[in-house]
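Chemist: Quick one: structure below, then a few questions.
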Amino acid sequence: MRILVTGVAGFVGSHVADLAVADGHEVVGLDALLPQAHGGELPVWSRAHQPVVGDVRDAALLDRLLPGVDAVCHQAAMVGHGLDPSDAPAYASHNDYGTAVLLAAMHRAGVRRLVLASSMVVYGEGTYRCSTHGSVRPTPRRPDDLAVGRYDPTCPHCHQALSPGLVPEDAPVEPRSTYAASKLAQEHLAAAWARQAGGGWALRYHNVYGPRMPRDTPYAGVASIFRSELAAGRAPRVLEDGRQRRDFVHVTDVARANLLALQAAPPDGDLVPVNICSGEPRTVADLANTLAEAMDGPAPVVVGGARGADVRHVVADPRRATNLLGYTARVGFAEGVAGFAHDPLREPAAVRVPSVAGPVAEPEPATLPV
């Protein structure tokens, strides 16, 4: 299979490319090297794939890359909570406009198979159950409650505490950040394309960690932030009470899920969302404590407070991935975090928000794959 992997130099994309090549597939790689992830330089682990340095918003470039491609694995995105609402144009440009340009180019080239990197952030809060009223959508967490340490959401009817449950793919979506809104928009655009031109999978990654994560940037995930603090000899700062639940999934499992999705018969005329997770829920404090022990660092400090876009509990239901793709995670939490304590990370990158100006210049023909 000939696969176009966008974001091929990125955290997940580079692992997908490595696994695809090891499995006997041909990878055509594309990456814009956004500065908040790469500092504008091609990481050493991606050089073997000879990726094209270019922008997914460049339609002419895509028209040169897509002929002969059997499937597209779309990983390219600007990620993370961002710095503040001024990030919004960059998220919309790179994630949503870029996806629209890619889908149009796929249609022109007759490429009908897509695997889209989506995210659990589209859900907002997870699912909850009230002992009196059954399954409910919780009330928004109020600043006054957060200020006094009441972090768990409550029932909208009786205001008692709720029990969190597993989030299935058909749960209501309620993005809480600009990034989350842009990921949901990607899904909508891809679903519209699928109804007219093909089919595919939207892989909703949960909290991915592992080697090649970017470090020392506000766009990084919590695992990378904790690791950077410990590497500097500082105690990780855990927000809220540390009991917020997540599903931490190793990047090698995420890469394998992508390969399984690329090889699975695509659903004709549909884009099917699938949770990609470990199936092993843990708290944020569990992550901080396990990582601190593995790095022989100072114990984490629980500092309270909460960021505006944060949610309390999001834990995935893994059954659809198993039933449709044959995917189950192989890397356990203890094993994965112990390894992550010493895994190579991406060097610090520029923090500035990338430009939303037009596409970057098309690379010289010599940089294109043969």
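The values are calculated or read from the model by the stated rules, or taken from the named source; none is laboratory data. Since this is a predicted model, take the numbers as computed values, not measurements. Cβ: placed from backbone, ideal geometry, glycine included. Neighbour counts: every protein chain shown. Keep in mind that these areas ignore ligands, DNA and RNA; they rest on the heavy atoms of the full protein, side chains included. Shrake-Rupley method; radii C 1.70, N 1.55, O 1.52, S 1.80 Å.
Chemist: Based on the Cα atoms of region 85-163, what semi-axes does the equivalent ellipsoid have, where each is the square root of 5 times one gyration tensor eigenvalue, given in whole Å with the largest first?
Modeler: 40, 18, 8
Chemist: Something else: Pick from Asp144, Asp70, Asp31 the residue whose mean-square fluctuation is largest in a GNM of the chain, springs joining Cα atoms under 10 Å.
Modeler: Fluctuation is largest for Asp144.
Chemist: Could I ask something else about it? Taking amide H positions as placed in the peptide plane 1.01 Å from N, state which residues far from Val272 in sequence (5 or more) or on other chains have amide H under 5 Å from it.
Modeler: Gly200, Trp201, Ala202
Chemist: Not counting ligands, DNA or RNA, and with a 1.4 Å probe, what is Met106's accessible surface area in Å² rounded to the nearest 10?
Modeler: My reading of the accessible area for Met106 is about 0 Å².
Chemist: Cα axis of helix 11-22 to longest principal axis of the chain: angle in degrees, 0 to 90, nearest 10?
Modeler: Approximately 50 degrees, to the nearest 10.
Chemist: Just the accessible area for Ser86, please: 1.4 Å probe, Å², rounded to the nearest 10?
Modeler: Using a 1.4 Å probe on the heavy atoms, I get roughly 80 Å².
Chemist: Taking H placed 1.01 Å from N in the peptide plane, check which residues at least 5 places from Ala71 or on another chain put their amide H under 5 Å from its amide H.
Modeler: Residues meeting the criterion, in which the H sits 1.01 Å from N, are Arg2, Leu4.
Chemist: Sticking with this structure for a sec: Can you pull the three principal axis extents for the Cα set of region 19-66, in Å, largest first?
Modeler: That works out to 30, 27, 12 Å along the principal axes.
Chemist: Right, another one. What is the spread of the Cα atoms of region 47-127 along each of their three principal axes, largest first, in whole Å?
Modeler: 41, 29, 28
Chemist: For the chain, set up a Gaussian network in which alpha carbons nearer than 10 Å are linked by springs, and say which option among Ala265, Ala32, Ala191 fluctuates the most.
Modeler: Of the options given, Ala265 has the highest mean-square fluctuation.
Chemist: Follow-up. With a point put 7 Å past each Cα toward its Cβ, work out how far Gln160 is from Ala235 in nm, to one decimal.
Modeler: 3.7
Chemist: Something else about it: Rounded to two decimals, what is Rg over Rh for region 1-87 when you use alpha-carbon atoms and the Kirkwood radius?
Modeler: 0.99
Chemist: For Rg and Dmax of the Cα atoms in Å, pick the label among (i) 21.3, 66; (ii) 25.4, 90; (iii) 20.1, 66 that corresponds to the value derived from the coordinates.
Modeler: (iii)
Chemist: Using only the Cα atoms of region 38-91, what do you get for the radius of gyration and for Dmax, in Å?
Modeler: That works out to 14.2, 41 Å for Rg and Dmax.
Chemist: Something else: Given the options His49, His206, His133, state which has the largest fluctuation in a GNM of the chain using a 10 Å cut-off (strictly under) for Cα springs.
Modeler: Ranking His49, His206, His133 by mean-square fluctuation puts His133 first.
Chemist: Only Lys, Arg, Asp and Glu count, each charged at its Cβ (+1, +1, -1, -1), so figure out the dipole size of the chain about its Cα centre, rounded to 20 debye.
Modeler: 480
Chemist: Same structure again: Considering all alpha-carbon pairs of region 104-254, what whole percent are spaced by more than 19 angstrom?
Modeler: 66
Chemist: Enter the mean projected area of the convex hull around the alpha-carbon atoms of region 197-256, in nm², rounded to one decimal.
Modeler: 6.1
Chemist: I've got another one for you. From the C-alpha gyration tensor of region 252-293, pull out the three semi-axes of the equivalent ellipsoid (sqrt of 5λ each), sorted largest to smallest, in whole Å.
Modeler: Computed over region 252-293, the values are 32, 12, 6 Å.
Chemist: If you rank Arg141, Arg282, Arg195, Arg57 by how much accessible surface each has, with a 1.4 Å probe, what is the order from largest down?
Modeler: Arg195, Arg282, Arg141, Arg57
Chemist: Expressed as a rounded percentage, what relative contact order does the chain have, with Cα pairs under 8 Å and six or more residues apart?
Modeler: Reported as a whole number, the value is 23 percent.
Chemist: Testing the spin-label approximation: label points 7 Å from Cα along Cα→Cβ at Ala104 and Gln263. State their distance in nm.
Modeler: It is 3.5 nm.
Chemist: Report, in degrees rounded to the nearest 10, the 0 to 90 angle that the Cα long axis of helix 178-197 makes with the longest principal axis of the chain.
Modeler: So the helix axis and the longest Cα principal axis differ by about 50 degrees.
Chemist: Defining a contact as two alpha carbons under 8 Å apart and six or more residues distant in sequence, what relative contact order in percent does region 1-87 show?
Modeler: Answer for region 1-87 is 40 percent.
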